[in-house]
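The values are calculated or read from the model by the stated rules, or taken from the named source; none is laboratory data. These figures come from a predicted structure and were not determined experimentally. Using ideal geometry, Cβ is built from the backbone for each residue, glycine included, and neighbour counts are taken over all protein chains shown.
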Amino acid sequence: MMMVEPESDRVEARLVAGEYACPACRVGWLRPWGFARPRALRDRGREVVIQPRRSRCGSCLVTHVLLPTLVFLRRRDLAEVIGEALRARVIEATSRAKVAEAARVHPDTLRGWLRRFAARAPEIRAEFSTWAHRFDAGLGAIEARGSPAADALEAIGVAAAAAARRLGPSPVWGFVAGASGGLLLANTSCPLPLRD
Ligand SMILES: [Zn+2]
C-alpha cells in the first residue's frame, strides 16, 4: 500500500509515466496493475465510493494499492472529517455530541477516534515534529499545548504549515494522511495488511 495524491487522473498519468518509485525495493517503478476493490467511504454522512488503483513494480513484481490521501487506513470516514472532529473536540473543547453530529457519526465512532488519537499522541507529536523540521530546518521547538492530544495536533499544524511553505498549499488532513502513510489512527501494535 502506498499513499498517493487524491486526484485520480493525476495518479493515472503519473502511474503510466512510471513516476512512482516502488516502496518495497526502491529500485523499480510502479506500473498500472488493475484496480483494488471499491471502498465505500463517508463524507459527513454522504457515501463516497472510491476504487483505488493497483500497481505492480516492474523490478520486484510486488503489487501495491495506491490509496488516495483522502483516507486513513481502515477508517470509513474521510481523513478531513476525522481530523476536523479531533480538532473541534481537543482544541475547541466542543461537546462530544456536537462534534459527532457535525461529523454525522455515531458518538461511539467519535469516541474510538479520540481514544486512538490520544493513545498515539506522543508518537504522533514526535513524528510530525520531525516532519516540521524536515520541511523547515529553521523552526524552533514546537510549543506545548497542555495535553498530549493537543500537543500532537499542534505538531500536525506546524508540520502542515511548514510543508505548505515548502511545497505549496494543500489540505491539512491530506498532508497528514500522506505523511503518516495512512496510519495516523492505526493500531501500531497490531498492523494488518491492507487487503486488495
Ligand atoms: Zn519493487
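Hey, can you tell me all the residues within the range 32-78 that are among the polar types (S, T, N, Q), crowded, with 21+ Cβ neighbours inside 10 Å and part of a strand (DSSP E or B)?
Ser55
Would you call Arg31 within 12 Å of the ligand (Cβ to nearest atom), modelled with pLDDT under 95, farther than 20 Å from Trp113 by Cβ and not aliphatic (A, V, I, L, M)?
Values: within 12 Å of the ligand (Cβ to nearest atom): yes; modelled with pLDDT under 95: no; farther than 20 Å from Trp113 by Cβ: yes; not aliphatic (A, V, I, L, M): yes.
Judged against the criteria, Arg31 is not a match.
Looking at the range 69-79, can you tell me whether even one residue there is more than 16 Å from the ligand (Cβ to nearest atom), closer than 20 Å to Pro171 by Cβ and out of contact with any Leu (no Cβ under 8 Å at 6 or more places or on another chain)? Show your work before the answer.
Start the filter on the range 69-79 by keeping residues that are more than 16 Å from the ligand (Cβ to nearest atom), which leaves 69-79.
With the extra rule that they be closer than 20 Å to Pro171 by Cβ, the set shrinks to 69-73, 75-79.
From the residues that got through so far, the ones that are out of contact with any Leu (no Cβ under 8 Å at 6 or more places or on another chain) too are 69.
Yes.
Inspect all residues belonging to the range 125-133 and state whether any of them is charged (D, E, K, R), in a helix (DSSP H, G or I) and in contact (Cβ under 8 Å) with a residue 40 or more places away in the chain.
Taking every residue of the range 125-133 in turn, at least one turns out to be charged (D, E, K, R), in a helix (DSSP H, G or I) and in contact (Cβ under 8 Å) with a residue 40 or more places away in the chain.
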